[in-house]
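K.L.:
Starting off with a structure, shown below.
The values are calculated or read from the model by the stated rules, or taken from the named source; none is laboratory data. Because the structure is predicted, anything quoted here is derived from the model rather than measured. Note that we place each Cβ from the backbone using ideal geometry, even for glycine, and neighbour counts take in every protein chain shown.
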Amino acid sequence: MSNHDPADSTDRPAAPPAPPGAPGQLDRARQQADAEFSAFYRENVRPLTGFLINHGASVQAAADIAQETMTDAYRNWAGITHPKAWVHKAASRALARKVASLEDPVEDVPEPTSLLPRPDDIAEWEARHDALPLLRSLPPRQRQIMAWTLAGFTPTDIADHLGLPAETVRGNLKKARRAAAAYLKAREEEQ
């Protein structure tokens with residue numbers, strides 16, 4: 001009689017691979033998705049906040065909307081094919097809803113967040129960004145198109161995302177650039 005335990009045999013075939021959807025594969029897929037989203041978040045949350053500020057949001061509102069949009073993006077990550085465009089479009093719509101709802105007739109006292117560690121310094125931050133007064137002087141559509149342009153989207157992309165004819169986007173962009181040139185010229189003359 002042998003003392004050999006068949007369970008210890010190295011001759012037995014390897015365990016079959018886990019079927020699709022098995023816990024180990026789901027964990028690895030989830031970890032990969034989390035890593036992809038994390039990298040996307042770190043690269044895009046601040047530019048998204050700037051995009052919203054360029055659209056007309058206060059710094060605090062922009063930080064809040066950017067964070068909420070990123071949370072929604074995380075929840076929907078598996079179904080998003082163009083994440084940068086998705087978050088810009090979602091954030092733009094969230095800002096429009098906030099403005100339309102008159103949600104905050106009185107500004108709340110801002111709380112520190114990772115995007116705004118010192119909310120009391122908002123005025124100082126805004127003063128450092130020279131483009132804000134220029135953007136605030138533009139009509140809403142030109143400002144919207146400039147915000148998308150400054151976020152790195154082409155006129156064709158912007159037209160697709162906003163559901164506008166490309167000619168309308170290009171025309172508003174041209175007018176906004178003329179206004180920017182006039183603004184900068186007047187500013188130089190003041191100095």
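K.L.:
Could you grab me the full set of residues in region 57-84 that are over 23 Å from D160 (Cα atoms) and either surrounded by fewer than 21 Cβ atoms within 10 Å (Cβ to Cβ) or touching a His at 6+ places or on another chain (Cβ under 7 Å) (or both)?
P.N.:
S58, Q60, Q67, E68, T71, Y74, R75
K.L.:
Starting from region 79-96, keep only residues that are within 17 Å of R46 (Cβ to Cβ), then list their pairs with residues that are assigned to a helix (DSSP H, G or I) and of a type in the set (G, A, S) whose Cβ atoms are within a distance under 6 Å, requiring at least 6 positions of separation or different chains.
P.N.:
V87/A73
K.L.:
Residues to consider are A186, A180; find the one that is surrounded by fewer than 17 Cβ atoms within 10 Å (Cβ to Cβ) and either at pLDDT 90 or above or out of contact with any strand residue (DSSP E or B) (no Cβ under 6 Å at 6 or more places or on another chain) (or both).
P.N.:
A186
K.L.:
Right, here's the next one. Residues in region 85-100: is at least one exposed (fewer than 11 other Cβ atoms within 10 Å of the Cβ), at pLDDT below 85, over 19 Å from F153 (Cα atoms) and not assigned by TED's automatic domain parsing to the domain that holds A159?
P.N.:
Within region 85-100, one or more residues are exposed (fewer than 11 other Cβ atoms within 10 Å of the Cβ), at pLDDT below 85, over 19 Å from F153 (Cα atoms) and not assigned by TED's automatic domain parsing to the domain that holds A159.
K.L.:
Scanning region 138-169 for residues that are free of Cβ contacts under 8 Å to residues at least 24 places away in the same chain and acidic (D, E), which turns out farthest from K89 (Cα to Cα)?
P.N.:
E167
K.L.:
Can you tell me which condition P140 does not meet? The list is (1) farther than 14 Å from V59 by Cβ; (2) modelled with pLDDT of 90 or more; (3) not charged (D, E, K, R), and all the others hold.
P.N.:
(2)
Here is a yes/no grid of residues against (1) touching a residue at least 60 places away in the same chain (Cβ under 8 Å); (2) touching a helix residue (DSSP H, G or I) at 6+ places or on another chain (Cβ under 8 Å); (3) over 22 Å from S137 (Cβ atoms):
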position: A33; (1), (2), (3): no, yes, yes
position: S38; (1), (2), (3): no, no, yes
position: R42; (1), (2), (3): no, no, yes
position: G50; (1), (2), (3): yes, yes, no
position: V59; (1), (2), (3): yes, yes, no
position: A63; (1), (2), (3): no, yes, yes
position: Q67; (1), (2), (3): no, yes, yes
